[in-house]
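Taken together, the values in this text are just the output of simple stated rules run on the coordinates, not laboratory data. Quick caveat, the model's predicted, so the values are computed rather than measured. Positions of Cβ are backbone-derived with ideal geometry, glycine not excepted, and every protein chain shown enters the neighbour counts.
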C-alpha cells in the first residue's frame with residue numbers, strides 16, 4: 001500500500017504504507033475540520049500529531065484499524081464539538097483521553113472492541129449531547145460513568161455484553177433537557193435494578209430488546225411519565241408486575257414479543273390512553 005496524504009489548513013497529514021499517521025508543518029488556525037475516514041490508519045505513535053489545532057471542531061478517525069490511542073493525543077483540542085472514532089479496533093481508552101475536549105457534544109465510539117471504560121473517562125465532557133458506544137465488548141459499566149453528563153440526550157449502548165447495571169448509573173442525567181433515548185438492546189442483562197431509571201423523568205424511548213430479563217421490579221417505570229416507546233421483546237419475562245404501566249399515560253408503543261408470558265395482571269393497560277401499538281406475539 002502506498003502512502004497517502006490529507007491536507008488541512010497549512011499542514012499535511014501523512015499515512016505511511018504501514019499505517020502510521022504523522023504530520024508535517026504547523027497547522028495555524030485554518031484547520032477546522034479534519035476527516036481521516038478509512039485511510040488505513042493502524043497507529044498514532046506521536047501523541048502530538050494534532051498539537052496546536054486549537055480551532056479544530058471536527059475530527060474524524062472512523063473506519064481505520066486503530067487498536068489504541070496514545071495518552072494526551074487530543075490534548076489542546078479545546079474547540080472540538082464532534083469526535084468520530086467508530087469502526088476501529090480499539091480495546092481500551094486512556095483514562096484521561098477526553099479530558100481537554102471541554103466543548104465536545106458528539107462522541108462516536110461504536111463498532112470497536114472496547115472491553116471496559118474508566119469510571120471518569122467522560123468527566124470533562126459536560127456538554128456531551130449524544131454518545132454512541134454500541135457494538136463493543138463491554139460486559140459492565142462502572143458506577144459514576146455518566147455523573148458529569150447532565151446534558152446527555154441520546155445514549156446508545158446496544159450490542160455489547162453488559163450483564164448488569166449499577167443501581168444509580170443514571171442518577172445525574174436528570175437536568176433539563178435530560179436523556180430522551182436509552183438503548184440497551186442486544187446485551188446480556190438478566191435483571192434491572194429497582195429505581196435505576198427514577199431520575200429519567202424526560203426519557204421518551206427505552207429499549208431492552210433481546211436481553212435475558214426474566215422479571216421486572218415493581219414500579220420500575222413509575223417516574224418515566226413521558227415514556228412513549230418501550231421495547232422489551234426477545235427476553236425471558238415470565239410475568240409482569242401489577243401496575244407496571246400505571247404512570248405511563250403517554251405510552252404509544254409497548255413491545256413484549258417473544259417472552260414467556262402466560263398471563264397478564266388485571267387492568268394492566270387501563271391507564272394507557274395514548275397506546276397505539278402493543279406486540280405480545282410469541283408468548
Ranked 277, 257, 108, 37, criterion: other C-beta atoms within 10 Å, fewest first
277, 37, 257, 108
Just to be sure I understand the model, the point goes 7 Å from the Cα along the line to the Cβ. What's the resulting residue 120 to residue 242 distance in nm?
4.8 nm
Arrange the peptides 149-159, 92-102 so that the one whose residues have, on average, the most other Cβ atoms within 10 Å appears first.
149-159, 92-102
Counting other C-beta atoms within 10 Å, which of 246, 110 has the fewest, and how do the rest follow?
246, 110
DSSP-defined antiparallel bridges as percent of all bridges, the chain, nearest 5:
20 percent
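Please work out whether region 1-120 counts as rounded, prolate or oblate from its C-alpha gyration tensor, where a ≥ b ≥ c are the square roots of the eigenvalues and a/c under 1.5 means rounded, while otherwise a/b larger than b/c means prolate and anything else oblate? List each step's numbers first, then the result.
On the way: a/c = 1.73, a/b = 1.12, b/c = 1.54.
Oblate shape, in that a/c is at least 1.5 and b/c is the bigger or equal ratio.
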Tell me the volume per residue, in Å³, of the convex hull enclosing the alpha carbons of the chain.
120 Å³
